[in-house]
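What follows draws every value from the coordinates through simple rules; no lab data is involved. Keep in mind the model is a prediction, meaning the values are calculated, not measured. Glycine gets a Cβ as well: all are built from the backbone with ideal geometry, and neighbour counts include every protein chain shown.
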Amino acid sequence: MARQIDDARKALARSLADGKRLLGDAHPETIERMASLGALHLVRGDVSAACELYREAIALAEPVLGKDHILVADCAVGLAFACRKLDTRPSRARSTEFLARGRRIQRRLREGLP
């Protein structure tokens, strides 16, 4: 299983590099790949790499897609779980903030609210 996860990580990293090169950093597909790679790093236990990717994805997605886009919400929730795994007081506080933000966006989108 570890080998499959590592193979997936390498494939996603290549896909992200291709997306950046062909589509640009701020293209929604590139940002989705970044978020997927962040999730995979989180599963592997590489929490700092996950945090870095989620933060970068949020920073790129907000100006292009808007602060209330579902991709921003998903990245915020992923970042919340990553921060929680860091298990330091500031990380736990940030985790709560990111989780609340992501869930708020997801709820508004689900309910069709602006």
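Over the chain, calculate the relative contact order: mean separation of alpha carbon pairs under 8 Å at least 6 apart, over the residue count, as a percent.
19 percent
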Fill in: Reachable lysines, given that their alpha-carbon falls under 20 Å from the alpha-carbon of K10 and they are not under 8 places away in the same chain
K20
Worksheet entry | Convex hull volume per residue for the chain, taking Cα atoms only, in Å³ | 95 Å³
Worksheet item: Taking neighbour counts of Cβ atoms within 10 Å as a proxy for exposure, in what order, fewest first, do L99, L53, L86 appear?
Response: L86, L99, L53
Practice prompt. For a footprinting-style exposure proxy, rank F98, F81 by other Cβ within 10 Å, fewest first.
Written response: F81, F98
Practice prompt. Take C51, C75 and order them by how many other Cβ atoms sit within 10 Å, fewest up front.
Written response: C51, C75
Discussion item. Taking R0 as 25 Å, what FRET efficiency do you get between T96 and H27 from their Cβ-Cβ distance, rounded to the nearest 0.05?
Written reply: 0.20
Practice prompt. Would you mind working out the magnitude of the charge dipole of the chain relative to its Cα centre, with +1 at each Lys and Arg C-beta and -1 at each Asp and Glu C-beta, to the nearest 20 Debye?
Written response: 380 debye
Worksheet, complete the sentence: For segment 9-73, the dipole about the Cα centre with charges only on Cβ (Lys and Arg +1, Asp and Glu -1), to the nearest 20 debye, works out at 280 debye
Worksheet item: Which percent of the Cα-Cα distances in segment 48-109 go past 15 Å?
Response: 44 percent
Worksheet, complete the sentence: Dividing the helical contributions, -39500 (n - 2.57) per DSSP H run of n ≥ 4, by the residues of the chain yields a 222 nm value, nearest 500 deg cm²/dmol, of -29000 deg cm²/dmol
